[in-house]
Amino acid sequence: MGNYLSNRRKALGLTQKQIAELVDVSEATVSRWESGEIANMRRDRIAAYAKALKTTPSFIMSGDEPQAATPAPVVLTAPQSILLAAFNQLNEEGQQKAQDYVDDLVYTGRYKKCAAPGVAAKEA
């Protein structure tokens, strides 16, 4: 353990005493965890320590931060690209009016989706 626990605590602006209170152990125990003097922790302490450090139990045990999942790229249809390009040319007021108009189209129920993406069919 060691430095990564201490570094994480300090990055959060917390003292060993504050961590000790959050995990329900003595300040000396936190010091010994951070120094590596105590290498094993009870599971409930690992979970509480992770919560106190706003991280995962895996980080407490290994120092490895979890990797965030990379979202899949958004692929726009040609009509969506055209609308987005036009929207981006508008000033803030124009963008708000465009959003209001789209909200009206979507939420009034006057139009509904059809099978083809990017094409709206007027409700009868």
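The values are calculated or read from the model by the stated rules, or taken from the named source; none is laboratory data. What you see is a predicted model, and the numbers here were worked out from it, not measured in a lab. A quick note on method: Cβ atoms are made from the backbone with ideal geometry, for glycine too, and the neighbour counts reach across all protein chains shown. Quick note on the areas: whole protein, heavy atoms, side chains included, nothing else; ligands and nucleic acids left out. Shrake-Rupley method; radii C 1.70, N 1.55, O 1.52, S 1.80 Å.
Listed by first and then second residue, the pairs with beta-carbon distance under 7 Å, at least 6 apart or on different chains, first residue in the range 47-65 and more than 17 Å from GLN18 (Cα to Cα) and free of Cβ contacts under 8 Å to residues at least 40 places away in the same chain, second open to solvent by 40 Å² or more (accessible area, probe 1.4 Å) and part of a loop (DSSP other than H, G, I, E, B), are THR56/PRO66; SER58/ASP64; SER58/PRO66.
Need at least 2 residues that are within 24 Å of the chain's Cα centre (by Cα) per element, so show me which helices (runs of 4 or more DSSP H) inside the range 1-116 make the cut, counting only ones lying wholly within it.
Numbers: elements: 3-11, 16-23, 27-35, 43-52, 57-62, 78-89, 92-107.
Per the criteria, 3-11, 16-23, 43-52, 57-62.
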